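These notes concern the structure reproduced below.
The values are calculated or read from the model by the stated rules, or taken from the named source; none is laboratory data. Keep in mind the model is a prediction, meaning the values are calculated, not measured. For the accessible areas, the whole protein counts, side chains as well, though only heavy atoms, and no ligand, DNA or RNA atoms are used. Shrake-Rupley method; radii C 1.70, N 1.55, O 1.52, S 1.80 Å.
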Amino acid sequence: MAHGKTSYVCLPCRASYKQAHDLTRQRLCPRCAEPLIHAGSAFAAPRRRDIAAWRTLAVLLNAGVGFHKSCCGGPGFRPRTMREIRERMTYAQRSGEPYARALSRYQVP
(Lines give C-alpha, C1' and ligand atoms only; values in the text may rest on other atoms or scores of the structure.)
Protein backbone atom coordinates (compact mmCIF):
# COMPACT_ATOMS: atom_id res chain seq x y z
CA MET A 1 0.00 0.00 0.00
CA ALA A 2 2.02 2.96 -1.25
CA HIS A 3 1.11 6.49 -0.21
CA GLY A 4 3.69 9.13 -1.17
CA LYS A 5 7.38 9.73 -1.66
CA THR A 6 9.55 9.57 1.42
CA SER A 7 13.28 9.38 2.11
CA TYR A 8 15.18 6.23 2.94
CA VAL A 9 18.78 6.49 4.17
CA CYS A 10 21.85 4.26 4.06
CA LEU A 11 24.17 5.44 6.84
CA PRO A 12 27.27 3.43 5.76
CA CYS A 13 27.05 4.81 2.19
CA ARG A 14 25.89 8.27 3.35
CA ALA A 15 23.15 8.16 0.71
CA SER A 16 19.46 9.08 0.61
CA TYR A 17 16.78 7.81 -1.76
CA LYS A 18 13.25 9.15 -2.35
CA GLN A 19 10.88 6.26 -2.87
CA ALA A 20 7.21 5.51 -2.51
CA HIS A 21 6.44 4.70 1.10
CA ASP A 22 5.37 1.10 1.53
CA LEU A 23 5.22 -0.50 4.98
CA THR A 24 5.01 -4.01 3.51
CA ARG A 25 8.52 -4.21 2.06
CA GLN A 26 12.06 -3.80 3.31
CA ARG A 27 14.16 -1.37 1.26
CA LEU A 28 17.78 -2.24 0.49
CA CYS A 29 20.59 0.13 -0.47
CA PRO A 30 21.41 -0.18 -4.18
CA ARG A 31 25.11 0.38 -3.37
CA CYS A 32 25.78 -2.00 -0.47
CA ALA A 33 22.55 -4.06 -0.16
CA GLU A 34 22.17 -3.16 3.55
CA PRO A 35 18.68 -2.28 4.84
CA LEU A 36 17.68 1.36 4.41
CA ILE A 37 16.31 3.40 7.32
CA HIS A 38 13.03 5.23 6.79
CA ALA A 39 13.88 8.90 7.48
CA GLY A 40 10.57 10.56 6.55
CA SER A 41 9.11 12.82 3.91
CA ALA A 42 10.58 16.04 5.38
CA PHE A 43 14.18 14.74 5.33
CA ALA A 44 16.92 16.68 3.54
CA ALA A 45 20.20 14.78 3.29
CA PRO A 46 23.51 16.44 4.15
CA ARG A 47 26.29 16.40 1.59
CA ARG A 48 27.99 13.01 1.41
CA ARG A 49 31.36 14.49 2.49
CA ASP A 50 29.87 16.18 5.59
CA ILE A 51 30.86 13.36 7.96
CA ALA A 52 29.92 15.29 11.13
CA ALA A 53 26.36 15.83 9.86
CA TRP A 54 26.04 12.13 9.00
CA ARG A 55 27.25 11.18 12.52
CA THR A 56 24.58 13.43 14.01
CA LEU A 57 21.99 11.97 11.65
CA ALA A 58 22.98 8.41 12.64
CA VAL A 59 22.34 9.17 16.32
CA LEU A 60 18.94 10.67 15.52
CA LEU A 61 17.76 7.85 13.26
CA ASN A 62 19.06 5.12 15.57
CA ALA A 63 17.18 6.76 18.47
CA GLY A 64 13.97 6.66 16.45
CA VAL A 65 13.84 10.36 15.59
CA GLY A 66 12.47 10.78 12.08
CA PHE A 67 11.85 13.69 9.76
CA HIS A 68 8.12 13.51 9.23
CA LYS A 69 5.86 16.40 8.31
CA SER A 70 3.63 17.60 11.12
CA CYS A 71 0.41 19.54 10.94
CA CYS A 72 2.44 22.79 10.97
CA GLY A 73 4.59 21.95 7.97
CA GLY A 74 7.92 20.48 9.11
CA PRO A 75 9.43 17.89 11.40
CA GLY A 76 10.25 20.37 14.17
CA PHE A 77 13.64 20.92 15.80
CA ARG A 78 16.43 18.43 15.12
CA PRO A 79 19.98 18.82 16.53
CA ARG A 80 22.60 19.63 13.91
CA THR A 81 25.80 19.09 15.93
CA MET A 82 27.19 16.43 18.23
CA ARG A 83 27.32 19.07 20.98
CA GLU A 84 23.55 19.53 20.72
CA ILE A 85 23.15 15.74 20.71
CA ARG A 86 25.30 15.34 23.86
CA GLU A 87 23.36 18.07 25.71
CA ARG A 88 20.05 16.37 24.98
CA MET A 89 21.32 12.85 25.71
CA THR A 90 22.70 14.04 29.08
CA TYR A 91 19.34 15.65 29.84
CA ALA A 92 17.52 12.42 28.91
CA GLN A 93 19.77 10.33 31.19
CA ARG A 94 19.30 12.71 34.13
CA SER A 95 15.55 13.32 33.69
CA GLY A 96 14.44 9.89 32.51
CA GLU A 97 12.87 11.42 29.40
CA PRO A 98 12.97 9.08 26.37
CA TYR A 99 15.94 9.78 24.08
CA ALA A 100 13.77 10.44 21.01
CA ARG A 101 11.76 13.09 22.86
CA ALA A 102 14.86 14.74 24.39
CA LEU A 103 16.60 14.83 20.99
CA SER A 104 13.60 16.68 19.52
CA ARG A 105 13.65 19.44 22.17
CA TYR A 106 14.43 22.93 20.89
CA GLN A 107 15.96 23.87 24.26
CA VAL A 108 17.15 21.73 27.13
CA PRO A 109 15.74 22.84 30.53
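Per-structure values
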{"item": "Placed amide H near Leu28: partners under 5 Å, 5+ positions off or other chain", "result": "Leu36"}
{"item": "Contour minus Cα-Cα distance for Leu11 and Thr90 (0.36 nm per residue)", "result": "26.1 nm"}
{"item": "Per residue accessible area in Å² of the chain, where ligands, DNA and RNA are left out and the probe is 1.4 Å", "result": "65 Å²"}
{"item": "Hull-based mean projected area of the chain, where the convex hull spans the alpha carbons, in square nanometres", "result": "7.5 nm²"}
{"item": "Computed over region 12-109: relative contact order in percent, which uses C-alpha pairs under 8 Å that are six or more apart", "result": "21 percent"}
{"item": "Computed helical MRE - 222 nm, the chain, DSSP H runs ≥ 4 contributing -39500 (n - 2.57), nearest 500", "result": "-8500 deg cm²/dmol"}
{"item": "Contour minus Cα-Cα distance for Ala20 and Glu97 (0.36 nm per residue)", "result": "24.4 nm"}
